[in-house]
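Chemist: Quick one: the structure is below, questions incoming.
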Amino acid sequence: MCGIVGFTGKQQAVPVLLQGLTTLEYRGYDSAGVTLQTNNGIQTIKSLGRIAVLEEKIGTMGEIDAVCGIGHTRWATHGAPSDRNSHPHESMDGRIALVHNGIIENYLELRNQLIAEGVVFKSDTDSEVVAHLFAKHYKGDNVQAMMDTCRELRGSYALAVITSDRLGEMICTRHDNPLIVGVGEGENMIASDIPAIMSITKNFMVVGDGEIVRVRPEGVEVFSAEGQPVEKEIQTVTWDIQGAQKGGYDHFMIKEIMEQPKAVKDTVSSRITDEDMPYLMDEGVGEEVFKNIRNVHIVACGSAYYAGMAGKVAFERLARIPVLGNVASEFRYSDPIIDKDDLCIVISQSGETADTLAALREAKARGAKTVAIVNVLASSAAREADHVIYTWAGPEIAVATTKAYSAQLSVMYLLALTAAKARGTLSDEEIRTYCRALRDLPAQIEQTLATAEAMKDLAQLYHERNDSFFIGRGIDYMTCQEASLKLKEIAYVHSEAYAGGELKHGPISLIEDGTPVIALDCDPALHEKQISNIKSVKARGAKVILITNGDFEIDETMCDHVVKIPACPYFMAASLAILPVQFYAYYVGVFRGCDIDKPRNLAKSVTVE
Ligand code: F6R
């Protein structure tokens with residue numbers, strides 16, 4: 001995830017671009033840059049680090065007279081954060097400059113093709129290929145050049161280009177990444193998000209997928225992907241700038257919950273082949289990795305550990321490999337039985353969690369192969385593991401993880417399916433069926449977002465209760481643990497997660513009149529057993545919220561409330577059942593007046609033991 005911005009008008013472009021970029025820093029902050037159209041051609045200034053570093057660099061360069069320019073704040077995916085990998089990227093002849101947000105999936109193929117044609121690359125990014133492609137197609141008509149360029153691209157992108165010969169003009173487009181146009185008086189902007197345009201206007205239009213937009217100071221022209229003119233509606237922002245940074249949401253947490261379809265889509269789409277097979281070879285994780293191993297160890301902390309435990313269910317059921325799960329703080333001091341015949345998977349959003357890093361080092365020292373599932377590029381875990389698989393969830397700002405957790409789950413499914421192929425425990429046809437289901441998962445997550453209102457109502461009803469239970473079996477038990485953690489950390493409600501069958505061995509004595517019990521029932525094979533467990537708490541006075549993908553008759557001996565979610569393969573149910581419980585924790589926290597994005601006593605990255 002990155003932020004892009006562009007300005008054209010009569011006032012100086014530098015302060016407007018820097019102001020816009022600062023509001024987009026939440027989208028990425030490892031490097032930044034701008035390109036300005038001056039009377040002597042285009043001038044690019046970029047640097048590693050936050051916008052403030054770029055601002056300082058520009059400050060040392062004297063006055064730059066430019067009324068049109070583009071800018072970028074980066075969250076690296078292809079190519080480590082550095083000056084040379086920062087955007088904008090220029091064509092070889094310096095006539096074209098481009099900023100890109102997204103991932104070009106076929107960049108390697110395009111890069112090799114361009115190199116064969118004599119292009120010399122200056123960065124390791126996927127984005128630079130687009131600058132060279134645009135230059136190749138540009139013969140003075142920037143709309144045509146953008147159409148020709150996009151025809152060759154696969155992946156997701158929001159693009160903005162300026163050329164040295166068309167002063168005051170920007171050409172932009174988008175596919176599966178956000179882009180808006182700020183419509184001012186004699187000055188216009190483009191940006192990834194609304195806050196970036198608010199220094200000049202509150203009026204904006206949303207660019208549709210595939211549309212191409214030519215922006216000049218005096219007006220905005222929109223074209224379809226085929227070059228036909230398109231009429232657009234102009235909307236007006238009603239929020240203030242603080243609210244706008246969260247895209248109109250009250251908290252980053254709810255914004256990030258809503259971003260989960262995209263986080264999962266970005267993480268899986270380039271890792272399923274056109275033949276519907278898992279593909280992790282770009283990360284070096286092919287079938288070989290799973291062929292002769294004895295055990296898989298999954299090591300992580302907190303939510304990342306629970307994502308791993310959901311992955312354990314997928315691994316054991318699909319690939320029939322024994323999986324040992326350990327929280328990192330225990331693993332590192334447990335004299336673990338792990339050696340060269342084992343694979344250790346560590347999971348970490350930040351890639352900097354002290355216990356997880358120590359566990360990774362311990363596993364490596366004992367000769368195990370290591371794979372890290374990490375969200376932050378070039379973080380310590382990413383650098384130290386034998387293989388790194390990035391989750392492309394984008395920067396996560398809220399302390400409580402949501403979208404990174406969902407992205408981690410989806411990588412675990414891909415790994416389990418790769419292992420099943422390697423071990424021959426599933427037929428190719430079965431693997432293809434699961435891969436197709438995984439490709440459909442983002443759309444199902446999107447559908448499940450509709451449970452928000454129902455969960456808000458339930459949160460209002462039960463937010464004053466100080467104890468809650470989550471119960472489930474199999475994959476649902478794993479989701480219950482993450483759900484229970486969410487409720488504790490966000491809403492400061494004491495809660496317990498139990499395997500449905502365990503209740504009768506003690507904890508059922510804690511159920512009293514009115515205790516909220518959230519029961520997950522998403523695996524048809526375990527449905528009857530789970531319903532018996534649910535009835536036993538209901539009979540003792542619990543208020544039961546049933547979350548199910550089942551299609552069966554429900555009566556008042558079973559539950560007080562029912563929330564339906566879509567059906568999917570049982571091991572992927574973790575990715576859908578998590579949404580209503582995230583909403584529940586969020587709204588209970590809101591009704592209790594908690595500090596949602598920065599819960600007490602917590603930090604986003606736990607770099608101490
Ligand atoms: C809970 C949460 C934490 C983290 C844990 C590991 O919402 O975010 O439990 O999952 O601190 O952090 P990472 O994934 O950065 O290693």
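The values are calculated or read from the model by the stated rules, or taken from the named source; none is laboratory data. Every value quoted in this text rests on a predicted model; they were computed, and no experiment measured them. Please note: Cβ atoms are built from the backbone with ideal geometry, for glycine as well, and neighbour counts cover all protein chains shown. The area values use the complete protein model at the heavy-atom level, side chains included, leaving out ligands, DNA and RNA. Shrake-Rupley method; radii C 1.70, N 1.55, O 1.52, S 1.80 Å.
Chemist: Where both residues lie in the stretch 451-591, what percent of DSSP beta bridges are antiparallel, nearest 5? The partial results should precede the final answer.
Modeler: On the way: 0 of 19 bridges.
The antiparallel fraction comes to roughly 0 percent.
Chemist: Working from Cα positions, state the angle (0 to 90°, nearest 10) between the long axis of helix 13-23 and the longest principal axis of the chain.
Modeler: 0
Chemist: Also, quick follow-up: Count neighbours as other Cβ atoms within 10 Å of each site's Cβ, and list the GluC sites (Glu not before Pro) in the stretch 485-521 that are DSSP loop with at most 11 such neighbours. Show your work: numbers first, answer last.
Modeler: Numbers: sites: GLU489, GLU496, GLU502, GLU512; in loops: GLU512.
Those that pass, being in a loop and sparsely packed, are GLU512.
Chemist: While we're looking at this one, here's another question. Given the peptides 448-455, 581-588, arrange them by the average over their residues of other C-beta atoms within 10 Å, most packed first.
Modeler: Details: 448-455: 18.0, 581-588: 27.5.
Result, highest mean first: 581-588, 448-455.
Chemist: Additional query: Net charge near GLY208: determine it from the other residues with C-beta under 12 Å of the C-beta of GLY208, scoring Lys and Arg +1 and Asp and Glu -1. Please list the in-between numbers first.
Modeler: Numbers: positive: ARG174, LYS232; negative: ASP176, ASP209, GLU211, GLU231, GLU233.
It works out to a net charge of -3.
Chemist: Let me ask something else about it. If the chain between ASP165 and GLU105 were fully stretched, how many nm would it gain, using 0.36 nm times the residue separation less the Cα-Cα distance? Display every interim value, and only then the final one.
Modeler: Values: separation 60, 0.36 × 60 = 21.60 nm, distance 3.01 nm.
Separation in residues times 0.36 nm, less the Cα-Cα distance, equals 18.6 nm.
Chemist: Spin-label point model (7 Å from Cα, Cβ direction): what's the THR433 to ASP93 distance in nm?
Modeler: In this crude label model, THR433 to ASP93 measures out at 5.6 nm.
Chemist: Okay, next question. Rounded to the nearest 20 Debye, what is the dipole magnitude of the stretch 332-463 about its Cα centre when Lys and Arg each give +1 and Asp and Glu each give -1 at the C-beta?
Modeler: Numbers: 14 positive and 17 negative charges, 55 e Å.
Value, rounded to 20: 260 debye.
Chemist: Moving on to the next point. Roughly how many debye, to the nearest 20, is the charge dipole of the stretch 252-426 about its Cα centre, given +1 on each Lys and Arg Cβ, -1 on each Asp and Glu Cβ, and no other charges?
Modeler: Numbers: 19 positive and 22 negative charges, 52 e Å.
Roughly 260 debye, rounded to the nearest 20.
Chemist: Could you tell me whether the stretch 252-426 comes out rounded, prolate or oblate from its Cα gyration tensor? Rule is a ≥ b ≥ c as square roots of the eigenvalues, rounded for a/c under 1.5, then prolate if a/b exceeds b/c, otherwise oblate. Write down the numbers at each step before the final one.
Modeler: Numbers: a/c = 1.72, a/b = 1.12, b/c = 1.53.
Oblate shape, in that a/c is at least 1.5 and b/c is the bigger or equal ratio.
Chemist: Can you list the aspartates and glutamates whose alpha carbon is less than 16 Å from that of LYS340, not counting same-chain residues fewer than 8 positions off?
Modeler: By straight Cα distance, LYS340 reaches GLU288, GLU362, ASP386.
Chemist: Quick check: the angle from helix 302-314's long axis to the longest principal axis of the chain, C-alpha only, nearest 10 degrees?
Modeler: Roughly 70 degrees between the two axes.
Chemist: Can you tell me the order of 432-440, 28-36, 159-167 when each peptide is scored by its average per-residue count of other Cβ atoms within 10 angstrom, highest first?
Modeler: Values: 432-440: 17.4, 28-36: 26.4, 159-167: 22.8.
With the highest mean Cβ count within 10 Å placed first, the list reads 28-36, 159-167, 432-440.
Chemist: Could you calculate the FRET efficiency of ARG592 with LYS57 from 1/(1 + (r/R0)^6), where r is the beta carbon distance between them and R0 is 56 Å, rounded to 0.05? Intermediate results must be reported in sequence, preceding the final value.
Modeler: Details: r = 45 Å, r/R0 = 0.81.
The value I calculate is 0.80.
Chemist: How far is helix 142-151 tilted off the main Cα axis of the chain, in degrees rounded to 10, range 0 to 90?
Modeler: It is inclined by approximately 30 degrees.
Chemist: What is the antiparallel percent of DSSP beta bridges lying wholly in the chain, to the nearest 5? If you can, show how the numbers build up before the last one.
Modeler: Values: 60 of 99 bridges.
Just about 60 percent of them are antiparallel.
Chemist: Using Cα positions and a limit of under 21 Å, work out the lysines in reach of LYS57, with same-chain residues fewer than 8 apart set aside.
Modeler: LYS46, LYS122
Chemist: Zone of GLU512 (label point 7 Å along Cα→Cβ, backbone N under 14 Å): which residues in the stretch 457-474?
Modeler: 465-468
Chemist: Now a separate question. At R0 = 35 Å, how high is the FRET efficiency between LYS504 and LEU602 if r is their beta carbon distance? Nearest 0.05 is fine.
Modeler: Numbers: r = 34 Å, r/R0 = 0.97.
Computed FRET efficiency for LYS504 and LEU602: 0.55.
Chemist: Now for a different question. With only Lys, Arg, Asp and Glu charged, each at its Cβ (+1 for the first two, -1 for the last two), find how big the charge dipole of the stretch 307-400 is about the Cα centre; round to the nearest 20 debye.
Modeler: The dipole of the stretch 307-400 has a size of about 220 debye.
Chemist: Are there trypsin sites (Lys or Arg not before Pro) in the stretch 204-308 that DSSP marks as loop and that have at most 13 other Cβ atoms within 10 Å, and which are they? Write out the running numbers ahead of the final one.
Modeler: Working: sites: ARG214, LYS232, LYS246, LYS255, LYS262, LYS265, ARG271, LYS291, ARG294; in loops: LYS232, LYS246, ARG294.
Of the trypsin sites (Lys or Arg not before Pro), the ones in loops of the stretch 204-308 whose Cβ has at most 13 other Cβ atoms within 10 Å are ARG294.
Chemist: What FRET efficiency, computed as 1/(1 + (r/R0)^6) with R0 = 56 Å and r the Cβ-Cβ distance, is obtained for TYR333 and ARG465, rounded to the nearest 0.05?
Modeler: On the way: r = 37 Å, r/R0 = 0.66.
It comes to 0.95.
Chemist: Looking only at the stretch 163-198, which residues have a backbone nitrogen under 20 Å from a spot 7 Å from the Cα of ASN40 in the C-beta direction?
Modeler: Inside the label zone: 163-168.
Chemist: With unit charges on the beta carbons (Lys and Arg positive, Asp and Glu negative) and the dipole taken about the Cα centre of the chain, which residue among ALA32, LEU167, MET92 sits farthest to the positive side?
Modeler: Most positive-ward Cα: ALA32.
Chemist: Taking square-rooted eigenvalues a ≥ b ≥ c of the alpha carbon gyration tensor, is the stretch 161-208 rounded, prolate or oblate, where a/c under 1.5 means rounded and, failing that, a/b exceeding b/c means prolate? The partial results should precede the final answer.
Modeler: Numbers: a/c = 2.30, a/b = 1.14, b/c = 2.03.
Oblate.
Chemist: Tell me, what is the per residue accessible area of the chain in Å², probe radius 1.4 Å? All intermediate terms of the calculation are to be shown ahead of the outcome.
Modeler: On the way: 23010 Å² over 609 residues.
On a per-residue basis, 38 Å².
Chemist: Can you classify the stretch 451-591 as rounded, prolate or oblate using the Cα gyration tensor, where a ≥ b ≥ c are the square roots of its eigenvalues, rounded means a/c under 1.5, and otherwise it's prolate if a/b beats b/c and oblate if not? Present the calculation step by step, with values, prior to reporting the outcome.
Modeler: On the way: a/c = 1.40, a/b = 1.11, b/c = 1.26.
Taking the square roots of the gyration eigenvalues as a ≥ b ≥ c, the stretch 451-591 is rounded.
Chemist: Mind giving me the nanometre distance, one decimal, between the label points for ARG423 and ARG540, set 7 Å out from Cα along Cα→Cβ?
Modeler: With each label placed 7 Å out from Cα toward Cβ, I get 3.6 nm.
Chemist: Could you tell me which GluC sites (Glu not before Pro) in the stretch 162-220 are loop residues by DSSP with no more than 13 other beta carbons within 10 angstrom of their beta carbon? The partial results should precede the final answer.
Modeler: Numbers: sites: GLU169, GLU185, GLU187, GLU211, GLU218; in loops: GLU169, GLU185, GLU187, GLU211, GLU218.
Listed in order of number, the matching sites are GLU185, GLU218.
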